[in-house]
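These notes concern the structure reproduced below.
The values are calculated or read from the model by the stated rules, or taken from the named source; none is laboratory data. Everything numeric here is computed off the predicted structure, so don't read it as measured data. Ideal geometry is used to build each Cβ from the backbone, glycine not excepted, and the neighbour counts take in all protein chains shown.
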Ligand SMILES: Cc1ncc(COP(=O)(O)O)c(C=O)c1O
């Protein structure tokens with residue numbers, strides 16, 4: 001297998017991929033010809049489709065997954081009048097944005113260790129972190145695998161906590177028959193580069209609660225009064241009564257919150273609309289690729305832990321996570337070998353050992369044994385829908401070579 005691939009030394013296996021097809025181009029040209037860039041019919045169509053796919057009444061398209069999370073938490077804090085310094089539970093393994101947005105809202109992230117097999121928040125370790133100050137939980141569906149939401153929602157109900165699902169790495173994944181982003185009070189998704197769908201930059205908030213939806217829309221528009229959130233709110237104004245016209249004029253430039261400028265354009269919506277056409281096919285391809293990699297690497301399972309998929313949920317494989325099991329081989333050596341052969345890698349979302357977190361929280365790692373282990377031994381590689389069988393065989397050959405050479 002390796003011989004066949006030797007020629008392709010310069011081959012690149014990047015973590016992400018991108019397709020911009022004729023439908024997206026047609027929509028982009030159409031929006032340019034219509035001289036319309038700000039939130040309009042394409043954004044509304046994208047939001048409606050996304051909401052429907054995830055079984056929610058509302059979806060709000062914004063600039064990033066981080067903005068989606070930050071505004072969702074801001075909305076809850078404002079509506080329920082949480083105070084600065086109150087606490088939000090987050091997993092000890094996640095992309096740093098999950099906990100940064102807690103700090104940015106002047107709240108305190110409290111970390112909960114993760115499960116050693118799925119790498120998602122460990123529901124059994126949540127209650128011991130709950131205090132009088134706890135207000136919310138942000139479970140993360142890491143790498144496309146839903147967190148164990150049923151016990152999480154039961155704990156949230158018992159302690160009257162709000163739940164924001166950080167679904168930035170998962171879309172259209174079901175857990176016990178329910179879609180990610182439809183189980184918590186709000187769900188937050190990312191359409192940034194290398195995500196399940198990619199619109200360059202982008203994020204989506206989903207919810208069934210109209211008050212949350214309006215508040216998030218207001219926050220992304222500088223905290224503007226909900227009477228005027230897009231230029232379409234002016235439509236048919238001249239046909240309204242004098243009283244109605246003046247009500248709009250009076251409140252159009254009125255701000256009810258300290259908001260953000262987090263709006264996208266019709267062009268990102270055009271990219272998103274095309275990608276929603278292919279999302280199911282692409283997820284199936286990701287799952288097939290992951291299964292192929294897992295089968296090929298099974299022979300090394302004494303050295304590495306491969307992805308685990310509990311029977312009650314889908315894994316949509318944003319990436320292919322691996323944890324080194326054994327001290328026979330150092331992660332640094334394996335990753336150097338993979339990168340030397342063009343296979344892009346990342347560490348498995350280490351959080352507690354980040355320089356800035358050590359500065360803020362001190363040395364937390366010893367209290368989180370699973371996260372500490374993953375910080376040392378975890379990483380991920382690509383399994384996206386544009387990888388060919390040849391690419392997958394190449395990845396397997398390079399792993400095989402590494403284990404032969406290095407162990
Ligand atoms: C778990 C998680 N949360 C939040 C984000 C932030 O999303 P964005 O990059 O769109 O701001 C990411 C991004 O990769 C993520 O993986």
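Computed quantities for the displayed model
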read-out: Unmet criterion (only one of (1) in contact with a strand residue (DSSP E or B) (Cβ under 9 Å, 6 or more places away or on another chain); (2) more than 13 Å from the ligand (Cβ to nearest atom)) for residue 154; value: (1)
read-out: Flag if residue 298 is closer than 30 Å to residue 106 by Cα, part of a helix (DSSP H, G or I), more than 16 Å from the ligand (Cβ to nearest atom) and not assigned by TED's automatic domain parsing to the domain that holds residue 93; value: no
read-out: Given (1) under 14 Å from the mean Cα position of the chain (by Cα); (2) more than 13 Å from the ligand (Cβ to nearest atom); (3) in a loop (DSSP other than H, G, I, E, B), number of the condition residue 198 does not satisfy; value: (2)
read-out: Residue within the stretch 109-128 that is in a strand (DSSP E or B), buried (at least 17 other Cβ atoms within 10 Å of the Cβ), free of Cβ contacts under 8 Å to residues at least 40 places away in the same chain and more than 14 Å from the ligand (Cβ to nearest atom) present; value: yes
read-out: Test result for residue 250, surrounded by fewer than 20 Cβ atoms within 10 Å (Cβ to Cβ) and in contact (Cβ under 8 Å) with a residue 24 or more places away in the chain; value: no
read-out: Close pairs from the stretch 144-161: first modelled with pLDDT of 95 or more, partner in a helix (DSSP H, G or I) and surrounded by fewer than 20 Cβ atoms within 10 Å (Cβ to Cβ), Cβ under 8 Å, at least 6 apart; value: 151/124; 155/127; 159/127; 161/155
read-out: Qualifying residue in the stretch 165-179 (condition: outside the structural domain of residue 317 (by TED's automatic domain parsing), within 12 Å of the ligand (Cβ to nearest atom), part of a strand (DSSP E or B) and within 19 Å of the chain's Cα centre (by Cα)); value: yes
read-out: Filter result (surrounded by fewer than 20 Cβ atoms within 10 Å (Cβ to Cβ) and either in contact with a strand residue (DSSP E or B) (Cβ under 9 Å, 6 or more places away or on another chain) or more than 25 Å from residue 117 (Cα to Cα) (or both)) within the stretch 365-380; value: 367, 370, 373, 376, 377
read-out: Failed item in (1) within 15 Å of the ligand (Cβ to nearest atom); (2) in contact with a helix residue (DSSP H, G or I) (Cβ under 7 Å, 6 or more places away or on another chain), with residue 148 passing the rest; value: (1)
read-out: Number of the condition not met by residue 212 [criteria: (1) away from the ligand (no atom under 16 Å from the Cβ); (2) part of a strand (DSSP E or B)]; value: (2)
read-out: Helices (runs of 4 or more DSSP H) (entirely within the stretch 303-382) containing at least 3 residues that are under 17 Å from residue 396 (Cα atoms); value: 331-340
read-out: Single residue of 230, 206 found to be at pLDDT below 95 and either outside the structural domain of residue 144 (by TED's automatic domain parsing) or touching a helix residue (DSSP H, G or I) at 6+ places or on another chain (Cβ under 9 Å) (or both); value: 230
read-out: Neighbours by Cβ (under 6 Å, 6+ apart or cross-chain): first from the stretch 48-75, assigned by TED's automatic domain parsing to the domain that holds residue 94 and more than 16 Å from the ligand (Cβ to nearest atom); second part of a helix (DSSP H, G or I) and at pLDDT 95 or above; value: 49/276; 58/51; 58/213; 75/212; 75/215; 75/216
